[in-house]
Amino acid sequence: MKVGYLCTFTPKELIHSAGFLPYRVFATDRPINLASAYIQSYSCSQARGSLECALQDDFHAFVFTRCCDTLMRLTDIFEFAGKRVCNIEFPTKIGNVEYYVQELRDFIEVLREWGGEVNFERLMESLKLYRKLEEKLKQLFALSPDYETAIKVQQIEVRDAIKLVDEKIRTAKKEKEKPKVLITGSVCPYPKVYEIFREAGFSVKDDLCTGSRFFEYSYPDFEPVDLDSALKFIAEKYMNKSPCPTKHYEKDKRFEYVLKLAEDCDAVVFLLVKFCDPHFFDYPQLRARLEGMGKKVALIELEFPVVSFEQIRTRVEALREVI
Amino acid sequence: MITVGIDIGSITAKCVVLEDTRILGYKISRVKPNLEVTAKEILAETLSFVGLKREDVGRIVATGYGRNMVDFADKKITEISCHAAGACFLISNAGTVIDIGGQDSKVIAVENGKVLDFVMNDKCAAGTGRFIEVMAAALNLRIEDVGSLAVKATKKLKISSTCTVFAETEVVSYISSGEKVENIVAGVCDAIAGRIIAMANRVGIRREVVLTGGVAKNLGVKRAIEERLGFPVIVPEEPQIAGALGAAVLGQKA
């Protein structure tokens, strides 16, 4: 049974250990029709597209974690639309592990109400599987970033996902030296967009929820011994994942992370979904910091479903020509 | 060397033949649904106009939104680089190129012919030639008359909607309230100028500002932009060929 989730901060290991398929919900190629009855058109198309997907497809339930304002309120809309929903309050200010462990304890109860069964052994198995998948994705992206695979693995059983990534690692070839572009933004579930960058002569690295932010973690250095310590492990794992603009970090962690990623890049592209407030609020300052490093910077706005690939191509090719 | 630049835009195709630094001739035609046929026809027409054959041409460079459909081109370069190169070929001290085409508009910051930064609007008719086309139709005017009428205005009526569809409603409302046509079109031109300057501020405006694209021929829009900038802008003799010319110029270097 599919349990849908939208944010990379969702503890998919818990969902998986309860016997459900954690399934990342994205906007699809389908036009947004049914969702328009529930949500305004000035909400981002990832939110509207995900709602459309939820209304059209078969899901057992949905899990939200507190991230951007739109997704927070989307929880209520999903509920209003008759969906089974759980909202986990991930702390916006990163650091309060104990609070989040309690949230995860409550979430286990919800999973049980939904017909799932969570125990320490099963959770440890899921933790190991997802860690394996994340490490393999890191390996694959070090050779050649493969966004189609990174997106697909978020919608299939983790064991199959590991097999798929293994297969991709076997056939992947190390990318040749080319001008490098860092793509930063929230989500872009359309692999063709990344191909446009490659076709324009760029090698690609990213700071995206549909790319490295799905698998970049600093894992806690302790081995869980019981269910509670496993929850602590999850809490620390997610609090130490690649930073996201919807969270508040100590110092300037989010900007420093992006600036560090950009160091070996020739250009940075903000690939932003229209109306994505957290990213757009950061954009002017972050752009100025990147330009201060001598990077060429471009902004490409997306609206899902993406139809104007050629317009994206012109911007990407123009950026390549500028370099 | 003789080079040819072909710019396949959304509404018009432009072709320029360049020998070293001398423009031998150019043609502008309406785009047909088959972009490859459009490109072939305008190339044949322009070459015949300047008395050359295909084999006399050293290099063909395609640009514009239909560039990837011009299979016979030796190179394809985006309209950003080409408009910058074309505008700087015509006005060597250009600092900003504002190109307002039929379906898109772009502002390019340039220095010595090189692109520093750019911003494009190609998703929405606001701030493009299409905006004028729709308003001209609502006012029962020929598009080429809009600019000359706008400069006769005694006041500039405010068009507050950015969206072309809603702006058209405002225009219709002004007509029914008896406002003079020239005052309405002055408002239309100013609405485009407002949209363009907002875009231009994102890349920064540096003199000299060169206005290219079909809409540059519209005196009303030119004046509205100048009023908002507070200084004059330069419109080349044939602003519509800047992209094709730039493609031919870059063909010389390729």
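Note on the stretch A:180-260: Kirkwood radius taken over Cα pairs, Stokes-Einstein applied at 10 °C and 1.306 mPa s, translational D equal to 109 µm² s⁻¹. Calculate the translational D of the protein assembly as shown in whole µm² s⁻¹ from Stokes-Einstein, where the hydrodynamic radius comes from the Kirkwood formula applied to all Cα pairs, the temperature is 4 °C and the viscosity 1.567 mPa s. Value of D from the Cα-based Kirkwood radius: 49 µm²/s.
Consider all pairwise Cα distances in chain B and report the whole-number % of them above 27 Å. Within chain B, distances greater than 27 Å cover 36 percent of Cα pairs.
May I ask which of A:Lys93/A:Lys173; A:Lys205/B:Lys14; A:Lys132/A:Lys247 have a Cα-Cα span longer than 32 Å here?
A:Lys93/A:Lys173; A:Lys205/B:Lys14
With both partners inside the protein assembly as shown, how many of the DSSP beta bridges are antiparallel, as a percent to the nearest 5? Bridges in the protein assembly as shown are about 40 percent antiparallel.
If contacts are Cα pairs under 8 angstrom and at least 6 residues apart, what is the relative contact order of the stretch A:2-118 in percent?
Computed over the stretch A:2-118, the figure is 27 percent.
Straight-line reach from A:Lys174: which aspartates and glutamates fall under 18 Å, measuring Cα to Cα and dropping same-chain residues less than 8 apart? Straight-line reach from A:Lys174, under 18 Å: A:Glu135, A:Asp146, A:Glu148, A:Asp166, A:Glu195, A:Glu199, A:Asp206, A:Asp264. Put simply, the Cα atoms of the stretch A:2-118 extend 40, 31, 22 Å along their principal axes, the longest span coming first. Based on DSSP, what percent of beta bridges with both residues in chain A are antiparallel, to the nearest 5? For chain A, the DSSP antiparallel bridge percentage is about 5. Counting only Cβ charges, +1 for Lys and Arg and -1 for Asp and Glu, the dipole size of the stretch A:2-118 around its Cα centre is about 240 debye. Scattering from the stretch B:164-207 was approximated by placing one identical point on each alpha carbon and applying the Debye formula without solvent; log10 I(q)/I(0) at 0.26, 0.27, 0.32 1/Å stands at -0.89, -0.92, -1.10. The largest-to-smallest principal axis extents of the Cα set in chain A are 56, 47, 40 Å.
Relative contact order, whole percent, for the stretch B:84-183 stands at 20, derived from Cα pairs under 8 Å and 6 or more residues apart.
Rounded to two decimal places and with Rh computed the Kirkwood way over Cα pairs, what is Rg over Rh for the stretch B:137-254?
Rg divided by Rh gives 1.04.
With neighbour counts taken as other beta-carbon atoms within 10 Å, the residues A:Phe20, B:Phe49 rank, fewest first, as B:Phe49, A:Phe20. Shown here are the Rg and Dmax of the Cα trace of the stretch A:94-225, at 17.5, 52 Å.
When peptides B:244-252, B:154-162, A:52-60, A:183-191 are ranked by their average number of other Cβ atoms within 10 Å per residue, the highest-first order is B:244-252, A:183-191, A:52-60, B:154-162. The mean count of C-beta atoms from other chains within 10 Å of the C-beta of residues in B:77-85, rounded to a whole number, is 4. By definition, a body whose alpha carbon gyration tensor gives a ≥ b ≥ c is oblate when a/c is 1.5 or more and a/b is not larger than b/c, and the stretch A:148-213 fits this oblate description. Dipole size of the protein assembly as shown about its Cα centre, with +1 on Lys/Arg Cβ and -1 on Asp/Glu Cβ: approximately 940 debye, rounded to the nearest 20. With a 10 Å cut-off around each Cβ of B:113-119, the average count of Cβ atoms from other chains is 3.
For chain B, relative contact order (Cα pairs under 8 Å, six or more residues apart, normalised by length) works out to 25 percent.
The calculated P(r) of the stretch A:102-151, using every Cα pair and 5 Å bins from 0, goes 5, 17, 17, 17, 12, 13, 13, 6, 1 in percent. Averaged over the residues of peptide A:306-317, the number of Cβ atoms from other protein chains lying within 10 Å of each residue's Cβ is 4. Relative to the Cα centre, the charge distribution of chain B, modelled as +1 at Lys and Arg Cβ and -1 at Asp and Glu Cβ, gives a dipole magnitude of about 280 debye. As I understand it, the dipole of chain B uses +1 on the Cβ of Lys and Arg and -1 on the Cβ of Asp and Glu, about the Cα centre. Which of B:Ala242, B:Gly113, B:Val57 lies farthest toward its positive end? Comparing the listed Cα positions along the dipole, B:Gly113 ranks first. Expressed per residue, the C-alpha convex hull volume of the stretch B:73-210 stands at 125 Å³.
Ranked by the mean number of other Cβ atoms within 10 Å of their residues, highest first, the peptides B:181-188, B:133-140 fall in the order B:181-188, B:133-140.
In summary, the stretch B:77-132 shows an alpha-carbon radius of gyration equal to 1.11 times the 2.2 N^0.38 Å reference for compact globular proteins.
Readers should treat all values here as calculations from the given coordinates under stated rules, not as data from a laboratory. Predicted model, so just to flag it, every value in this text is computed and none were measured. So basically every Cβ, Gly included, is an ideal-geometry build from the backbone, and we count neighbours across all protein chains shown.
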